[in-house]
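Below is one structure, written out as structure tokens, with a few remarks after it.
Read-outs: derived from the displayed coordinates by stated rules, not from any lab. The shown structure was predicted, so the numbers you read here are calculated from the model rather than taken from an experiment. With ideal geometry, Cβ positions are generated from the backbone for all residues, glycine too; neighbour counts draw on all protein chains shown.
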Amino acid sequence: MNQHDELAGFEVLEDFERFSQVNDVFARSFWDVTVRTEKAERFYATYRRPLEKWRTANGFTQRDYALRNASWHVSDIFTELFQDQGRRDGFLDPLSMLREGPEQKVVLESSTETTAEIKHIAKLFGADIVGVAQLDERWIYTERFDHVSGAGKANTLPDGLTHVIVIGQAMDDELIKTAPSALSGAATGLGYSQDAAVLLGVAQYIRNLGYQAVPSMNDTALAIPLAIAAGLGEYGRHGLVITPEFGPRLRFGKIFTDLPVCADKPKPFGVKAFCQNCDRCAEACPASAIPAGGPVPVALNRSGLKGVNKWSVDGEACFSYWSKVNTDCAICVRVCPWTRDYSKRRNRLWRLIAGSRLRKQALRIDDWSKRGKRVSPKKWWSRARSEQ
């Protein structure tokens, strides 16, 4: 294990294999009959057309779905813009609505100043957190998924790219508290729609300086190891990046570039040791998709990464539950003790305790506080009305 991997918490083994997007569970839902079930078909349909019969269950009404689907609208515009050409920007292909920059590059004073500047610009455009990682070929997909042919296609990137700017968009805390519900799915959609706008703006700025920039959401590469390498957080039991600012309540995007910037370093702050003592996400997962034991060196199924010793979530079981309830889940995000409002002093104090040898006491404090309990979606709507 190299020093950088050790700091990031990656234990990459000798039998490591780069991942093909064809095996991603969402890609498999297009071509693999074991994943593309009738329930999966209905799940996708709820994002595009009304249900034949609306449910009356709290959080799954027509109004809840109306908000969830509206939250995805900006992201969907880019994803579907070139769909007839075999592209799905942001999910299977990089975002492509960009202008060419000038041939002449702006001469930049130093990589340190450029790094600070690009982070400032990213936050100006709306990023909640931003970091920089060196481009690591291990996390680049061996191939992209072509939704038309149902097979792989070339995953090409321009020559000369050296770094990845990783951008995090926080998901709305109050919406996440209602998970699982179609209402909580609006937090996911808003995250992606905001992500698309920020990535395009920052990438165009870099291009306007005369450098290369390829904005990417779920396409092209695995975001989680890049976010960890960029110093944005640590890997959690639930397979998500836990950040000091928002816990696991984020969506990540990335920009591949040759802009001369400095790579950040992974910044462990006690998450791994905490997760070894905590299994709240595993207990709460209705699909039993999250492991209760320790990290494992093997993939649970073809949608898992081979040759990395880590907590591995069962993507097949997870997606099966999403298909069952007709929306994404996010229960693991809601119940995670790190999902807190860190603008409050008491939560910043809890974070210090959780990252120390007193982590078990921090876990008991979290249990005692009843934080993480599901909030009724009706209560969210009532609060929205009472604010007028």
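Among the cysteines of the chain, those whose beta-carbon sits 4.7 Å or more from every other cysteine beta-carbon are C262, C275, C278, C285, C318, C329, C336. Between A154 and K324, the FRET efficiency estimated from the beta carbon spacing at R0 = 30 angstrom works out to 0.30. Of all DSSP-defined beta bridges confined to the stretch 3-380, some 95% are antiparallel rather than parallel.
Result for the chain in a Gaussian network model with C-alpha springs under 10 Å: among A362, A223, A179, the largest mean-square fluctuation is at A362. With K and R counted +1 and D and E -1, the other residues having a Cβ less than 11 Å from that of L240 yield a net charge of +2.
Placing pseudo-labels 7 Å out from each Cα toward the beta carbon at S356 and W368 gives an inter-label distance of 1.5 nm.
Measuring nothing but alpha carbons in the stretch 191-230 and taking Rh as the Kirkwood radius, the Rg to Rh ratio lands at 1.00. Measuring nothing but how far apart in sequence close Cα pairs (under 8 Å, 6+ apart) lie, relative to its length, the chain scores a relative contact order of 22 percent. Full extension of the chain between H120 and E38 gives 24.9 nm of extra length, using 0.36 nm per residue less the Cα-Cα distance. When the chain is treated as a Gaussian network with alpha carbon springs shorter than 10 Å, the biggest mean-square fluctuation among P225, P297, P244 belongs to P297. Of all lysines in the structure, the ones whose alpha carbon falls short of 19 Å from that of K53, not counting any fewer than 8 places away in one chain, are K39, K324. Across the stretch 82-195, C-alpha contacts under 8 Å between residues 6 or more apart give a mean separation that, scaled by the residue count, equals a relative contact order of 22 percent. Computed extension length for D84-K378: 101.9 nm, one decimal, from 0.36 nm per residue of separation with the Cα-Cα distance subtracted. Bridgeable lysines around K373 (alpha carbons under 21 Å apart, same-chain partners fewer than 8 residues away excluded): K177, K344, K360.
All other residues whose Cβ lies under 12 angstrom from that of T114 are scored, Lys and Arg at +1 and Asp and Glu at -1, for a net of -2.
The packing ranking of peptides 332-344, 103-115, highest mean first, is 332-344, 103-115, where packing means the average number of other beta carbon atoms within 10 angstrom of each residue.
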